[in-house]
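Worksheet for the structure shown next.
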Amino acid sequence: MANNTLLINVDIGETRVGLIAEGVLRELYVERRHHRSPVGNIYLGRVTRVLPGMQAAFIDVGLDRAAFLHVEDLQAEPGTEEEGDGNDKRSASGGNSRGRRNRVSRKTPIRDLLNEGQQLMVQVSKGPIGTKGARVTSHVALPGRYVVFMPTVDHVGVSKRIGNDRERRRLKEVIDSVKPPHGGVVVRTLAQGLTKKKLKADIGYLVQLWEQTQKAREAAKKAPTLLHEEPDLVIQSARDLFTEDVSEIVVDDRDEYQRLKEFLTLFLPERANDLQLYEGDEPLFDEYGIEEEITRALSRKVQLPSGGHLVIDQAEALTAIDVNTGRFTGKGRDVEQTILQTNLEAVREIAYQLLFRNIGGLIVLDFIDMERHAHREKVFKAFLAALKTDKARTTAIRISELGLVEMTRKRTRQSLGRTLYEPCFFCDGTGLLQSKETVCHEIFRQMRRERDSLPGYKIVISAHPAVCDMLEREEKASVVEASQRFQRRIELKPRNDYHLEQFDLTGV
């Protein structure tokens, strides 16, 4: 296996894509037949509710929940200008854009722009996350392999990840000469070193997509209607992840292999031979050792090389990552060096976990306390360096005296953990259950509440076997006392099918 490989596992109703970089699983994407991500899809939606107090509206686009649209994501009427501060906006290339993005000012009352029942063409910019619906915008962006075409703005930019100024200027000049008269273009990182012919072909393909979308809108009879659907995960991965650094694509399904072959032959003919069909007896991810890595990487407790570990807790509003020395006590007598080494190992693993799990939103990192300012600076700089490989936008505040780092990471889709797991129906996602002793005393209280409504001379307690065992042993004296107080004989009935906290009282 090459050091950098793109693995595509196509199974019944599910597709998984794993990106292996330097022999390590760096990214994992999962798509299921009935839960395809709507990000990038373009809809003709219908305004269901306008919220003046939030300067926002809810749009019905046909998903389970209404999508959210902020006033700044609306397109301004022709001839009007976006909100400005007197200074030109900066383009993606770091220079001035040719035209100002025609976004609506956040001060413009949304009631002046939208009404309930109005039809509006929008694109999903952020998928549904948790209980929140998708976020949409009227500023369409169609991604190709080398460029992103934005038909609603007049803007030319070059990816900031292309660091060579001379190459950036060359690409901008090429785009200026081939871009359509209406619409903007942003050059992606993959376009570095490309010829004018390839860039022109990519732009031409995206312009055709936009024309097809407009025709679909004209033909749409009512909202909500899907006008343009982003390619599935297989094609997206070949388009976005198959970079020059990736040596090969390995796919385990013959039909998808043929489809990918056609795609690569059309858009990337020089790399078509780097596509391989896996025909082994073992499942693809088992063969490459990916399944074990997925389990390890998604555990709450993640081990560090020297013996320390991370504890990762993901809540609704934020994620907390705690660093612990664990069994690592260091090789020398300097406690500070032991702490520094553990924190430096944690920095690399945290950056990896944020990317792999796709953790977004507010994140709090609790490093082990470091007394020396120089050590805190060294760990923070190492953390910033580790984050540079992350494509998502991140911001981090320096390590506090308490060893805390507050940071944010842009969230555009559900985290991997929330995609593959669901809250435990036993504990309702809390990770805690009532103790057996607590359940026993709750049973005694319930007996007192229901004693007058329970007929007969005997009370039968149906409960989990572990609870019945505790009532027979540790709480035997309490059972005898309850029998005397309520003047009833108490009988225990273990039920293997009961939840630990579940019990029933029956009068006989």
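The values are calculated or read from the model by the stated rules, or taken from the named source; none is laboratory data. Quantities reported herein were computed from a predicted structural model and do not represent experimental measurements. Here the Cβ positions follow ideal geometry from the backbone for every residue, glycine too, while neighbour counts run over all protein chains shown.
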Inside segment 26-49, the number of residues satisfying the requirement of being touching a Phe, Trp or Tyr at 6+ places or on another chain (Cβ under 8 Å) and over 30 Å from E293 (Cβ atoms) is 3
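Yes/no matrix, rows are residues, columns are (1) acidic (D, E); (2) assigned by TED's automatic domain parsing to the domain that holds D369; (3) assigned to a loop (DSSP other than H, G, I, E, B):
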| residue | (1), (2), (3) |
| --- | --- |
| N273 | no, no, no |
| E282 | yes, no, yes |
| D286 | yes, no, no |
| S306 | no, yes, yes |
| D322 | yes, yes, no |
Restricting the search to segment 349-371, which residues are touching a helix residue (DSSP H, G or I) at 6+ places or on another chain (Cβ under 6 Å) and either surrounded by fewer than 17 Cβ atoms within 10 Å (Cβ to Cβ) or of a type in the set (D, E, K, R) (or both)?
-> R357
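So in segment 446-471, with the set limited to residues that are of a type in the set (D, E, K, R) and modelled with pLDDT under 95, which one is nearest to G507 (Cα to Cα)? Break it down stepwise before answering.
As a first pass, look at segment 446-471 and keep what is of a type in the set (D, E, K, R): 448-452, 458, 469.
Remaining after also requiring modelled with pLDDT under 95: 448-452, 458.
Numbers: R448: 13, R449: 13, E450: 10, R451: 9, D452: 10, K458: 6 Å.
Ranking the candidates gives K458 first.
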Kindly indicate whether V30 is over 19 Å from the mean Cα position of the chain (by Cα) and assigned to a strand (DSSP E or B).
-> no
List the number of the failed condition for D366; all other conditions in (1) in contact with a Gly (Cβ under 8 Å, 6 or more places away or on another chain); (2) of a type in the set (D, E); (3) without any contact (Cβ under 8 Å) to a residue 40 or more places away in the chain hold.
-> (3)
Residue within segment 269-290 that is among the basic types (K, R) and over 30 Å from D60 (Cα atoms) present | yes
Kindly list, by first and then second residue, each pair from a residue in segment 483-508 that is closer than 8 Å to H464 by Cβ to a residue that is of a type outside the set (A, V, I, L, M, F, W, C) and in a strand (DSSP E or B), limited to pairs with Cβ atoms under 6 Å and residues at least 6 apart or on different chains.
-> R495/S462
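Restricting the search to segment 293-322, which residues are under 19 Å from G23 (Cβ atoms), more than 21 Å from the chain's Cα centre (by Cα) and surrounded by fewer than 17 Cβ atoms within 10 Å (Cβ to Cβ)?
Let us first name the residues in segment 293-322 that are under 19 Å from G23 (Cβ atoms), namely 293-297, 302-305.
Keeping just the survivors that are more than 21 Å from the chain's Cα centre (by Cα) gives 303-305.
Listed by number, the residues that qualify are Q303, P305.
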Please give the number of the condition G332 fails out of (1) surrounded by fewer than 14 Cβ atoms within 10 Å (Cβ to Cβ); (2) in a helix (DSSP H, G or I); (3) at pLDDT below 85.
-> (2)
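Conditions tested, residue by residue: (1) outside any strand (DSSP E or B); (2) at pLDDT below 90; (3) closer than 18 Å to A134 by Cβ.
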position: M1; (1), (2), (3): yes, yes, no
position: R16; (1), (2), (3): no, no, no
position: I20; (1), (2), (3): no, no, no
position: L25; (1), (2), (3): no, yes, no
position: H35; (1), (2), (3): yes, yes, yes
position: V39; (1), (2), (3): yes, no, yes
position: G45; (1), (2), (3): no, no, yes
position: T48; (1), (2), (3): no, no, yes
Does V480 qualify as being assigned to a helix (DSSP H, G or I), surrounded by fewer than 16 Cβ atoms within 10 Å (Cβ to Cβ) and without any contact (Cβ under 8 Å) to a residue 40 or more places away in the chain?
-> yes
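Regarding Q414, is this residue assigned to a loop (DSSP other than H, G, I, E, B), in contact with a Gly (Cβ under 7 Å, 6 or more places away or on another chain), surrounded by 14 or more Cβ atoms within 10 Å (Cβ to Cβ) and not basic (K, R)?
yes
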Please state which one of V148, V187, V140, V158 is among the hydrophobic types (A, V, I, L, M, F, W, C) and farther than 22 Å from F267 by Cα.
-> V140
Before we move on, is G86 part of a loop (DSSP other than H, G, I, E, B), at pLDDT below 65 and assigned by TED's automatic domain parsing to the domain that holds L209?
-> yes
Could you tell me which residue of segment 104-131 is surrounded by the fewest Cβ atoms within 10 Å (Cβ to Cβ), considering only residues that are among the small types (G, A, S) and within 31 Å of the chain's Cα centre (by Cα)?
-> G130
Here are some conditions: (1) surrounded by 16 or more Cβ atoms within 10 Å (Cβ to Cβ); (2) over 44 Å from the mean Cα position of the chain (by Cα). Y498 meets all but one. Which one does it not meet?
-> (2)
Given (1) surrounded by fewer than 16 Cβ atoms within 10 Å (Cβ to Cβ); (2) at pLDDT 90 or above; (3) within 24 Å of D390 (Cα to Cα), where does E211 come up short, assuming only one miss?
-> (3)
Please state which of the following conditions R372 fails to meet, knowing it meets all the rest: (1) modelled with pLDDT under 90; (2) in contact with a Gly (Cβ under 6 Å, 6 or more places away or on another chain).
-> (2)
Lone unmet requirement of (1) among the aliphatic types (A, V, I, L, M); (2) in a helix (DSSP H, G or I); (3) modelled with pLDDT under 90 for A223 | (2)
Of all residues making up segment 226-270, the number that are of a type outside the set (S, T, Y), under 21 Å from A201 (Cβ atoms) and in a helix (DSSP H, G or I) | 15
Tally the residues that are among the aliphatic types (A, V, I, L, M) and either over 25 Å from G163 (Cβ atoms) or assigned to a loop (DSSP other than H, G, I, E, B) (or both), restricting the search to segment 189-205.
-> 2
Select from segment 427-445 the residues that are assigned to a loop (DSSP other than H, G, I, E, B) and surrounded by 14 or more Cβ atoms within 10 Å (Cβ to Cβ) and write down the one among them that is modelled with the lowest pLDDT.
-> C427
For segment 354-398, how many residues are over 13 Å from V323 (Cα atoms) and either in a helix (DSSP H, G or I) or hydrophobic (A, V, I, L, M, F, W, C) (or both)?
-> 24
